[in-house]
Amino acid sequence: MALSRYPRIAVFLVLLLALMLLLGWCLRGPEVVVYRLAAAPLLQTVVASGRIESVSRAQVGSEITGVVLERRIKEGDRVAEGDVLLVLRADEVMAQVQQAEAALDQLQTSTRPQSELALARAQALLVQAQREAERRRDLTARGLLSREALEQAEEQATLARNAVATARVAAASLAPGGTEEAVLNARLASLQAQLAKTIVRSEVAGTVLTRNVEPGDLVQPGRVLFSIALLGDTEILVPLDEKNLAQLALQQPAVVIADAYPERPFTARIDFIAPRVDPQQGTVDVHLQVSPVPDFLREDMTVSVNIETGRRSSTLVLPNDALIAVSGSSAQVVQVQEGRLQRVSVTLGLRGVALSEITEGLVAGDHVLADPSSALPDSSRVRAKEQPLTTDEAVLAGRDRNELPVQFD
């Protein structure tokens, strides 16, 4: 009978052992995914959208009011300096030019010769009047002619001298290079300048971006008819959030992807950072120089820009999804230490697409909860399961090349 108790004891011991194992297993806590801190390369970027634009643009309009007779260019056309863009109706101005030319011709062929003949006639009459006055003066001296007759002759001589002076002034004004010719030439030049303005020409070489006029339109000074992008350098205008200003510097490299050509990325560099911040948008304009310029770029094309603002060849990193309560360079993580959870404050350095640099608070080899949003209370027991770190390069390589990562706050 004593022997029959041994099987029951054995069963009891087995059950007790199983219960202890189960209790020990439960006390170990649930399995959680963790990252193991390690050194890795790190790239910090600022990501934003921008647009392509020429360094300079020219806006072309008409200097006079007129009706469009002919438009000779359209969007996309290349123009050289002096090329005709637009022709205005010029009937009235042309008639005025012809009148001015006729007046100048009349001066040279008719009015001037007549003035010269008038001067010669006045001079001849003066000679005759002076001779008559001299003859009467002699007769009066000999008592053969009255004093009244002498005075009449002298008055005629004076009138003849005045007529010569008047004719001489008129002839001088009508002479070559004189006042009348200068006035007519100035009027003709002014009308010819008006006539030239009826032909609108390009003052620059470039590509026509926009046209805002058609034949039959009435145009006036001040209205922009064409917009021309000058030949030369191409740049990218990117309005960046002002919070990124401290990270930006001239000549920083960038990778640019055009929305229309996602498979053809190209490089650029920061060439200019605006000295002021837009108070309405809270952005600062950054200009990136493109060289060489890809042949597929078009004015005002939308692009995504990934500016490299910092790089580490090897530093202690942690995936961004393990960070919580991020504020500037401070954050918190949930560390797994000796099988228990513990919230730890850390100091951040560079911020990459997938990783952030840890400068204080953790050391290489520490385990950090991968999903801190679902963390158990502090000091909870857990079983750690390591997950490999994903580098920034792997994140970018796995994305659609037309999709750039979101900039972190």
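Listed values, structure above:
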quantity: Cα long-axis angle, helix 112-141 against the chain (0 to 90 degrees, to the nearest 10); calculated: 30 degrees
quantity: Backbone HN-Hα couplings from phi across segment 66-78 [Karplus 6.51/-1.76/1.60, Hz, Gly and Pro as x]; calculated: x, 9, 6, 9, 7, 10, 9, 9, 9, 4, x, 6, 8
quantity: GNM flexibility winner over the chain from E154, E235, E386 (Cα, springs under 10 Å); calculated: E154
quantity: Order of S380, S313 under a 10 Å beta carbon neighbour criterion, fewest first; calculated: S313, S380
quantity: Karplus (6.51, -1.76, 1.60) ³J(HN,Hα), θ = phi - 60°, over segment 300-313, in Hz, Gly and Pro reported as x; calculated: 6, 5, 7, 9, 9, 10, 10, 8, 7, 10, x, 8, 10, 6
quantity: Residue order, fewest to most surrounding Cβ atoms within 10 angstrom, among L150, L218; calculated: L218, L150
quantity: Rounded Å value of the spacing that divides the Cα centres of segment 158-199 and segment 132-156; calculated: 42 Å
quantity: Magnitude of the charge dipole, the chain, Cβ model with Lys/Arg +1 and Asp/Glu -1, debye to 20; calculated: 800 debye
quantity: Relative exposure of F266, F272, judged by other C-beta atoms within 10 Å (fewest first); calculated: F272, F266
quantity: Positive-pole candidate from V164, A102, A118, dipole of segment 92-195, charges at beta carbon; calculated: V164
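The numbers here are math on the coordinates, done by the rules we state, and not lab data. Because the structure is predicted, anything quoted here is derived from the model rather than measured. Ideal geometry is used to build each Cβ from the backbone, glycine not excepted, and the neighbour counts take in all protein chains shown.
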